[in-house]
Amino acid sequence: MKLITAIIKPFKLDEVKSALRDAGVEGMTVTEVRGFGRQGGHTETYRGTEYQIDFVPKVKVEIVTEESGVDRIVELLTDAARSGKIGDGKIWVTAVESVIRIRTGESGADAI
Amino acid sequence: MDSGDVAWVLVSAALVLFMTPGLAFFYGGMDRTRNVLNMLMMNFYCVLVIPILWVLVGYTLSSGTNDFIGNLDGFMLKGIGAGDGGTLATIAYLGMFAAITPALISGAVADRMTFKAWAIFVPVWSLLVYVPVFKWVFGGWLGQRGSLDFAGGTAIHVNAGIAALAAVMVLGKRRGWPHEGHPPHSMPLVMIGTGILWFGWFGFNAGSAGFANGQAAQAFMNTFLAAAAAGAAWVFVEWKRDGHPTNLGAASGIVAGLVAITPAAGYVSGAGPIWIGLIAGVVCCYAVRLKTRFGFDDALDVVGVHFVGGLVGSLLIGFFANPAFFDDESFIAHGFMKGIFYGGSPRLLAEQALANGSAIVWSFALTFGIMIVLKKTIGVRVDAETEYTGLDLALHSETAYHGGAA
């Protein structure tokens, strides 16, 4: 099993959600996060003074899936979250040792 | 005062009271999430202690016929009863001014002053600085010489504004300032505060006529126009200069215009208030940048908006005071001089300069002294850890915004 983590632009969340749901992905976890990458931050001006805002608001999407679904989900995510401009974010995939469904106690692929 | 006058002064008093929460939101929104409650509390504290101080001794010490200070004849409102509704209404009305004046200073000392020091500073400053300056300007030696201050440009805004400068000079800079910037945590809160201030300011200025009359109506109109003109001026300057029209620019301009028209509200008419607003908007928009050049950490620009705006408005009376509107004879019968643009001599301008100069010297020196005494005795700064973690939790044991799962 794998954990797919994607950092995306907040306004792309609805597109990402619809694309994944249409493709049969049954669950995801979303967190509002802040950070910076190559895009860097931006500046805001208050009373003529510029402030550097380093941490830009982003959304973190987490999906646990069986190994066989990884490529397809990453492709869907990439397509749905891409605006083509700097700051579109990143996706990374990590190994998951075990998954347990709390209500039933099922584990492994059955629990996804 | 007839019943209409009493009604208007009572309504105005309530309007002015509402300005203190308005100011709290205006400042609080500009402050950081971890210090916003401390900012609100510094403001609300003023309406906890000043009303009591005002009826005990403040009012009586600032009234009467003496040049420099009143007397204690009216201690605890002695001798003033329901038979004299006009006087009671006026004392309550002026008490609201006494409460908001020290509150203005809170914006400068934001993020680093101990609440204990603030708790002592507010009543002491009111008695040693506000009361005498108020007395000099309204009925004391400065007023008798012919200087004009309709609703407190000199007595309130210049006075509190220069006190803010003296206070931050003793208090010192916030850690990290000016390299670390701290943008406003909630612009919507700033805009709500600005709206409340503007609303309340109609009571502040139009109520200062003391009667429900034509002068009150003119002051109302002037308050309306000057705030709009100054807000527009600030927004267009920064739009051209920095590339964007900002909410904070609009809010700051509105407040600068309200401050500037305060001393002039009952003495100018026609296009006068628009010019005063435009000039104040442009001047204050540049004045708020001086703090970084001169290195005084006036956190929320009390000096750039209240001191500079008040001074600009007060000096412009020397040009714009218009006896025609108030019918020439009564204006002169009251001993009021004309502005330069209406056929007057530069004498009025000179008196305005003297009045503000006197208020500035007294307020700066006394405020500096009060702050030094506080610093040497109980201390005025929070410790480094409190400054980093925030004053809300450390000093008030409260948190403004509980994020995430409650």
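The values are calculated or read from the model by the stated rules, or taken from the named source; none is laboratory data. What you see is a predicted model, and the numbers here were worked out from it, not measured in a lab. We place every Cβ from the backbone using ideal geometry, glycine too, and count neighbours over all the protein chains shown. SASA here: full protein model, heavy atoms, side chains in, ligands and nucleic acids out. Shrake-Rupley method; radii C 1.70, N 1.55, O 1.52, S 1.80 Å.
Data overview
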item	result
Test: residue in region B:186-205 that is within 23 Å of B:E351 (Cα to Cα), touching a residue at least 60 places away in the same chain (Cβ under 8 Å), away from chain A (no Cβ under 14 Å) and crowded, with 20+ Cβ neighbours inside 10 Å	yes
Boolean, B:A256 is within 30 Å of B:H334 (Cα to Cα), free of Cβ contacts under 8 Å to residues at least 24 places away in the same chain and either more than 11 Å from every other protein chain (Cβ to nearest Cβ) or of a type outside the set (D, E) (or both)	no
Helices (runs of 4 or more DSSP H) enclosed by region B:252-324 - at least 1 residues per element that are under 17 Å from B:A229 (Cβ atoms), open to solvent by 10 Å² or more (accessible area, probe 1.4 Å) and hydrophobic (A, V, I, L, M, F, W, C)	B:272-287, B:308-320
Top-ranked residue of region A:25-46 - restricted to ones that are in a loop (DSSP other than H, G, I, E, B) and modelled with pLDDT of 90 or more, ranked as nearest to the other protein chains (Cβ to nearest Cβ)	A:F36
Residues of region B:113-141 classified as closer than 23 Å to B:D67 by Cβ and among the hydroxyl-bearing types (S, T, Y), total	2
Which numbered condition A:I86 misses (of (1) away from chain B (no Cβ under 14 Å); (2) touching a strand residue (DSSP E or B) at 6+ places or on another chain (Cβ under 8 Å); (3) among the β-branched types (V, I, T))	(2)
Where B:A355 falls short, out of the listed (1) part of a helix (DSSP H, G or I); (2) open to solvent by 20 Å² or more (accessible area, probe 1.4 Å)	(2)
Residue match in region B:237-247 (condition: buried (at least 21 other Cβ atoms within 10 Å of the Cβ), within 14 Å of chain A (Cβ to nearest Cβ), not hydroxyl-bearing (S, T, Y) and not in a loop (DSSP other than H, G, I, E, B))	yes
Subset of region B:93-147 (residues that are free of Cβ contacts under 8 Å to residues at least 60 places away in the same chain and out of contact with any helix residue (DSSP H, G or I) (no Cβ under 6 Å at 6 or more places or on another chain))	B:L94
Test: residue in region A:93-104 that is among the polar types (S, T, N, Q), more than 14 Å from the chain's Cα centre (by Cα), over 30 Å from B:D297 (Cβ atoms) and more than 14 Å from every other protein chain (Cβ to nearest Cβ)	yes
Selection count where residues are open to solvent by less than 60 Å² (accessible area, probe 1.4 Å) and without any contact (Cβ under 8 Å) to a residue 40 or more places away in the chain, scope region A:54-68	1
Region B:381-406: number of residues that are outside any helix (DSSP H, G or I) and out of contact with any Gly (no Cβ under 9 Å at 6 or more places or on another chain)	11
From B:G70, B:G74, B:G79, residue being open to solvent by 50 Å² or more (accessible area, probe 1.4 Å) and farther than 28 Å from B:M191 by Cβ	B:G79
Whichever residue in region B:76-92 is without any contact (Cβ under 8 Å) to a residue 12 or more places away in the chain and β-branched (V, I, T) and, among such residues, is nearest to B:A160 (Cα to Cα)	B:T87
Scope region B:320-368; condition under 12 Å from B:L148 (Cα atoms), at pLDDT 95 or above and among the aromatic types (F, W, Y); matching residues	B:F320
Close pairs from region A:90-101: first closer than 18 Å to A:K60 by Cα, partner hydrophobic (A, V, I, L, M, F, W, C) and in a loop (DSSP other than H, G, I, E, B), Cβ under 6 Å, at least 6 apart	A:V96/A:M1
Residue count for region B:82-119, restricted to those that are more than 19 Å from B:T20 (Cα to Cα), among the hydrophobic types (A, V, I, L, M, F, W, C) and surrounded by fewer than 21 Cβ atoms within 10 Å (Cβ to Cβ)	2
Residue identified as buried (at least 21 other Cβ atoms within 10 Å of the Cβ) and either of a type in the set (D, E) or at pLDDT 95 or above (or both) among B:L61, B:L10	B:L61
Check on A:I86, without any contact (Cβ under 8 Å) to a residue 40 or more places away in the chain and either open to solvent by 70 Å² or more (accessible area, probe 1.4 Å) or assigned to a helix (DSSP H, G or I) (or both)	no
Qualifying residue in region B:267-278 (condition: in contact (Cβ under 8 Å) with a residue 24 or more places away in the chain, more than 14 Å from every other protein chain (Cβ to nearest Cβ) and within 19 Å of B:M19 (Cα to Cα))	no
